[in-house]
Structure formats: C-alpha cells, structure tokens
Amino acid sequence: MERLPHGLAQSSAKEIVQNLQKISGGKILDVATEKGNFITVLQKSLKDYSTFIGVDIKFDDLESMKKDYADRSVKFLKMNAENLEFEDDIFDTVSLSHSLHHLSNIDSVLSEMKRVLKPDGTFIIQEPFSDGNQSESQKNDMLQHHWGAKIDNLLGIPHNKTFSRRKIKRILNNLNLKASCTYESTHYIKCLFCENKFECEDPKNHEIINFALKEIDRDFKRLEMLKDHPNIQKLRKEGEMIKTQIQEKGITSASILFFIGKK
C-alpha cells in the first residue's frame, strides 16, 4: 500500500476513490470542465469508462485546448450548461467539480444534467464547503476565494462565496435521486495522485504560498478596472490582509463534500 501523508491518510479521499473504483463510468459528461482537470481525476479513479465529453461556456481557445489534450476518448465542447445540447437519457455518468458556487442558476444546470443522465446513471458532484472544523490555513483559502468572488461579481462575473455543508446538501436533496452517498473530506481525491503530495501537506510550503500570492497579485491588477468604485480602497486593504495571513499561517484547500448518486 502506498505511503500517504498523515492528513491525506486520515481524510476520506481514499474511501471515495475506493467507491469510484466500483463504478463503470461509460459515457461521461463533465460540466463546467474548465481545463478538464476533473476528467483526469475520474480517469484515474473509475473502474472503467468509454468516453468523456467536457463542456464549459468559458472556453477562450477551444481549438488549442483540443490539441493540448491528446486523449482521443475525451472531447471538449463550448456549451451553456443551463441548456445542454444533448438528447434525454444519453449519458451513463454526469459530473460537476468545484463549480456549484460559480453557477448563476444552479437548479437549471443540475436539472439539465439529470435530464441527460440515463436511468440508473451515476451523478457525481465535488464541492468545497465553508463550515466545520477547518484549519487556519484552510480558512485562508476561503478568505482568498471570497475576496476574489467579490471582485468577480463587481466585474459582472457570477461567483458565490463557498457554500456551507447544509446548503450544498439541500441543493443535492432537490435532485430527488433514488440512491446517494455523501462524504466529507479534508483533502481532494486528486491529492492521492499528486507527485508532490508530501510537500503539499505542509500549509507553509513556499511554492504553494507563492502560487497563492501570485493569484492575489493578479486580482490586484483586476482591481484596476474598478478604480472608480467606492469600495476599491477597502478591497485593496482586504487583499493585503489576506496576503499577510497566508504568509503567516500558510494555505491549504478547504474541505469538500463528495456526492455520488443514482438517477
């Protein structure tokens, strides 16, 4: 058995993957796929699969992305998830990772995903949550995320704060699936496959901190587009405070809910 960092070993990540390893994914739709990162995770986790289709409304250069992602079992399409351009009951599995809080109309997207899912098909959702017993470094991750969300919203980009467990579960219950299980985990399942899993375990790892600080600096540049906004100085002060806290306490990803259901 592969040796794991203590925190990762104590999380539910391994149990989640053990459950996924029992699932034949078949034809899979990954919604809000962005760069296809969750597709890669599912490829490593599922028992087997035939094909993936990743859809996102925000592809900037779809042709370039297709060339970069050489796996022929994966196809990417630019598409609005509120109106999926697929027939009913066509996919064996549908998935959505780290994206509930980015959706302007959650119910419409989940309803569309359920519509295109076959009877007895598998519904997979992975989403960070904001409450519970989280470390200072995890709270810093949420502070950074919430600050970035404020900037997005001022720029007209839909972006909610990280939801609570209760809110996520309420959203999932509205799917009315006939069977489901939900896991809470301090770590994403992608951590199991990360070559740097031991280095990443340290919230004060210099590379991780520097990556977070660079993201904040990019958001400072975006603030320049809001220079006439009345709250600009308050937002800048908040960003500097978050940078200081990350430098002092480090940063690690917030805990997640991982949901597996059957239609």
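Quick check on segment 163-206: of everything there that is of a type in the set (S, T, N, Q) and under 26 Å from Pro5 (Cα atoms), which residue is modelled with the lowest pLDDT? If we take residues in segment 163-206 being of a type in the set (S, T, N, Q) and under 26 Å from Pro5 (Cα atoms), then Asn196 is modelled with the lowest pLDDT.
For Lys190, all conditions in the list (1) of a type in the set (Lys, Arg); (2) farther than 27 Å from Phe91 by Cβ; (3) within 16 Å of the chain's Cα centre (by Cα) hold save one; what is the number of the exception? Failed condition: (2). Among the residues of segment 23-39, just one is of a type in the set (Ser, Thr, Tyr) and surrounded by 17 or more Cβ atoms within 10 Å (Cβ to Cβ), namely Thr33. Of all residues in segment 211-263, exactly one satisfies the criterion of being surrounded by 14 or more Cβ atoms within 10 Å (Cβ to Cβ), free of Cβ contacts under 8 Å to residues at least 60 places away in the same chain and among the polar types (S, T, N, Q), namely Gln247. Does Leu172 satisfy being among the hydrophobic types (A, V, I, L, M, F, W, C), farther than 16 Å from Ser137 by Cα, surrounded by 15 or more Cβ atoms within 10 Å (Cβ to Cβ) and touching a Gly at 6+ places or on another chain (Cβ under 7 Å)? When the stated conditions are applied, Leu172 does not pass them. Highlighted here are the helices (runs of 4 or more DSSP H) found entirely within segment 49-168 that include at least 3 residues which are buried (at least 17 other Cβ atoms within 10 Å of the Cβ): 106-116, 136-154.
The values are calculated or read from the model by the stated rules, or taken from the named source; none is laboratory data. Everything quoted here is computed from the prediction, not taken from an experiment. So basically every Cβ, Gly included, is an ideal-geometry build from the backbone, and we count neighbours across all protein chains shown.
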